[in-house]
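The values are calculated or read from the model by the stated rules, or taken from the named source; none is laboratory data. Quantities reported herein were computed from a predicted structural model and do not represent experimental measurements. Glycine also receives a Cβ, built like all others from the backbone with ideal geometry; neighbour counts cover every protein chain displayed.
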Amino acid sequence: MNLLTDDFISTTVGKISLKEILTSETDYQLQYAFDEIQLAMLQLLASLSTVVLKPSLEELKGYLKQGLTVAQYDQALDKVDLQWFDEACFMRSPLPEGGKGADAPITKMISGVECGTSPNALGLFSEISNADHACPDCTHVLNYNLHMNIKGECFGPTGATGIRGGGAISTLIASKDIKTTILANTVAVDYFDSLREIESPNNKLMWQDPMQGEIYYAHHIGLERGLFALAYHIDFSVIDAPCVCDVCGHESSQSVQEFTRLKYKGSYGSTKKGRDGNANWWPHPFTPITTKEEGIFPVCARDQNWQSWQSFSSYVLAQETEKSLSTPAFVVHQYRKLATGGGNLLIGGNIADQGSITGRIYDLYSMPEHWDNDKLERVTKVIDAGLYVKDRLSQAFNKMFGAGYDKKFVSGIKITAMNQYISNAQNIVQQLLLDVDRKEARALRKEALEQLKIEAITIYRALMRKYQNDLPLFKALSKGEKVLLAVNKVKA
Ligand SMILES: [Zn+2]
């Protein structure tokens, strides 16, 4: 099986090839049991499409407008050294001689499934039997996911931190159908290189020319090399036993239940050691970043109660504060440059805490038809309204600290209520953005303030009712209510 020519992509109507998905008139639906793997597959397909097409910005614009023909795909494929995309070697750098790998069940490749024994290894789904057989085709997306999206800590001391840092948020363009989505996340080579201004980085794949040394300098890593950057030597043991794959749901005559891996010794600029050694951040095209005095960091989900809407503005427009600069992912930046219109934004990632996965982000946001500054401001106005109300709500709750109770007790009440607002606001913000093309910025902001205010007041008054017989707390909450209601006076 070769990833650039053969059928390995699972869809609701069976397995298809990259060429079919990119050139067909059919809008295929990917079929993977976990949204995490679905997201990883989109990343993998866009990366493979970049390797095949190597488009310039102008060519990519053409593909997005007119589609990609079979002849164009074949012509581009002629220039690719296919051997490196064969299933036996794709992203599988062999273990060094004498190197002893660590074995693990295939389950471990799906972060969120609990299969560790250490006390801090917790997952989102506890049934290991939900994912203990994979077909050989699916090992590629599992392997890619391990390298790009799973935090090294989830593997304890044998875990490695990949080029994206592990646990980074992905922001992908979600277009009208699957092929346009893949093309919209394909990287325009000339534009990517022009932003980097690097003379001649090594563009050989890492399983063709493995990384050496202790520090993996970003300026040595070319686009294709970085898109499939390795953090582990890895091998999958394929057995001749039929299975129904737990990842894609298709029948297979062979199955995989275990894999062996050994981490690479060097450090990327995504780690502290790499930063200290001046490795610098490799600009992964799917990752928004934050630039601080201490270095460049991929944007990650914070904790279990974090919701993506709170940082959404910084995923679409650069934002500067005193201490940091947030920059949207390259694909978002590129999409604005392509100006083809009609894309939404998909935000995905894991929320990890040490060895545990405590949550998943998989949020789709409606975006304006055209991504110019003026239209994107409508988006940021909605987010700002949500953050403003959140701030007022927080200040209102702070009055409780004056009631004379134990600080821990009071902050417990506050945190629970704030998290409820943050969580409910996620749906409200996503709903409001459905109207982003139909409503002017002012009207949209007004509506956002109105709806989010009602949400905050509802949460607040429920708490007042709960503590109506607790006089000191009730009095404090009444004081706070005035702070919250001041939201009414804000001009939209
Ligand atoms: Zn499968």
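Have a look at L30, L44, L68 and point out the one that is more than 16 Å from the ligand (Cβ to nearest atom) and in the same structural domain as K176 (by TED's automatic domain parsing). Before you say what the answer is, go through the steps one by one.
Numbers: L30 fails: more than 16 Å from the ligand (Cβ to nearest atom); L44 fails: more than 16 Å from the ligand (Cβ to nearest atom).
Exactly one residue qualifies, and that residue is L68.
In the stretch 262-281, what residues are within 17 Å of G166 (Cβ to Cβ) and touching a helix residue (DSSP H, G or I) at 6+ places or on another chain (Cβ under 7 Å)?
Passing the criteria: K263, S267, Y268, G269, A279, W281.
Among the residues of the stretch 38-56, are any surrounded by 15 or more Cβ atoms within 10 Å (Cβ to Cβ), of a type outside the set (S, T, Y), touching a residue at least 40 places away in the same chain (Cβ under 8 Å) and not in a helix (DSSP H, G or I)?
Within the stretch 38-56, one or more residues are surrounded by 15 or more Cβ atoms within 10 Å (Cβ to Cβ), of a type outside the set (S, T, Y), touching a residue at least 40 places away in the same chain (Cβ under 8 Å) and not in a helix (DSSP H, G or I).
Just to be sure, is E294 at pLDDT below 95 and away from the ligand (no atom under 16 Å from the Cβ)?
Against the criterion (at pLDDT below 95 and away from the ligand (no atom under 16 Å from the Cβ)), E294 qualifies.
When you check D303 against the structure, is it in contact (Cβ under 8 Å) with a residue 12 or more places away in the chain, surrounded by fewer than 17 Cβ atoms within 10 Å (Cβ to Cβ) and not hydrophobic (A, V, I, L, M, F, W, C), yes or no? Please lay out each step first, then the result.
Values: in contact (Cβ under 8 Å) with a residue 12 or more places away in the chain: yes; surrounded by fewer than 17 Cβ atoms within 10 Å (Cβ to Cβ): yes; not hydrophobic (A, V, I, L, M, F, W, C): yes.
Taking the combined requirement at face value, the residue satisfies it.
Of all residues being closer than 16 Å to G213 by Cβ and in a loop (DSSP other than H, G, I, E, B) in the stretch 271-283, which is farthest from the ligand (Cβ to nearest atom)? Just the residue, please.
N278
Does G349 fit the bill of being at pLDDT below 95, not assigned by TED's automatic domain parsing to the domain that holds P285 and not charged (D, E, K, R)?
Values: at pLDDT below 95: yes; not assigned by TED's automatic domain parsing to the domain that holds P285: no; not charged (D, E, K, R): yes.
So G349 does not fit the description; no.
One residue is enough: does the stretch 70-91 have a residue meeting the conditions under 22 Å from T158 (Cα atoms), surrounded by 13 or more Cβ atoms within 10 Å (Cβ to Cβ), at pLDDT 90 or above and in contact with a strand residue (DSSP E or B) (Cβ under 9 Å, 6 or more places away or on another chain)?
Scanning the stretch 70-91 turns up at least one residue that is under 22 Å from T158 (Cα atoms), surrounded by 13 or more Cβ atoms within 10 Å (Cβ to Cβ), at pLDDT 90 or above and in contact with a strand residue (DSSP E or B) (Cβ under 9 Å, 6 or more places away or on another chain).
Scan D246, D240 and give me the residue that is of a type outside the set (A, V, I, L, M) and out of contact with any strand residue (DSSP E or B) (no Cβ under 7 Å at 6 or more places or on another chain). Steps first, please.
Details: D246 fails: out of contact with any strand residue (DSSP E or B) (no Cβ under 7 Å at 6 or more places or on another chain).
Unique residue meeting the criteria: D240.
May I ask you to list the residues in the stretch 352-369 that are out of contact with any strand residue (DSSP E or B) (no Cβ under 6 Å at 6 or more places or on another chain) and modelled with pLDDT of 90 or more?
Of everything in the stretch 352-369, those that are out of contact with any strand residue (DSSP E or B) (no Cβ under 6 Å at 6 or more places or on another chain) and modelled with pLDDT of 90 or more turn out to be P368, E369.
Only one of (1) free of Cβ contacts under 8 Å to residues at least 60 places away in the same chain; (2) within 16 Å of the ligand (Cβ to nearest atom) is not met by H133, so which one is it?
(1)
Just one of the numbered conditions (1) touching a Phe, Trp or Tyr at 6+ places or on another chain (Cβ under 7 Å); (2) over 25 Å from A425 (Cβ atoms); (3) among the polar types (S, T, N, Q) is not true of N278; which one?
Only one criterion in (1) touching a Phe, Trp or Tyr at 6+ places or on another chain (Cβ under 7 Å); (2) over 25 Å from A425 (Cβ atoms); (3) among the polar types (S, T, N, Q) is unmet by N278, namely (1).
Search the stretch 234-260 for residues that are more than 15 Å from L146 (Cα to Cα) and pair each with any residue that is of a type in the set (K, R) and within 11 Å of the ligand (Cβ to nearest atom) when their beta-carbon atoms are under 9 Å apart and the residues are at least 6 apart or on different chains.
Here the result reads C248/K15; H250/K15, each pair linking the stretch 234-260 to a residue that is of a type in the set (K, R) and within 11 Å of the ligand (Cβ to nearest atom).
Quick test of your reading of the structure: K265 fulfils all but one of (1) within 16 Å of the ligand (Cβ to nearest atom); (2) modelled with pLDDT under 95; (3) out of contact with any strand residue (DSSP E or B) (no Cβ under 8 Å at 6 or more places or on another chain). Name the failing condition by number.
Single failed check for K265: (1).
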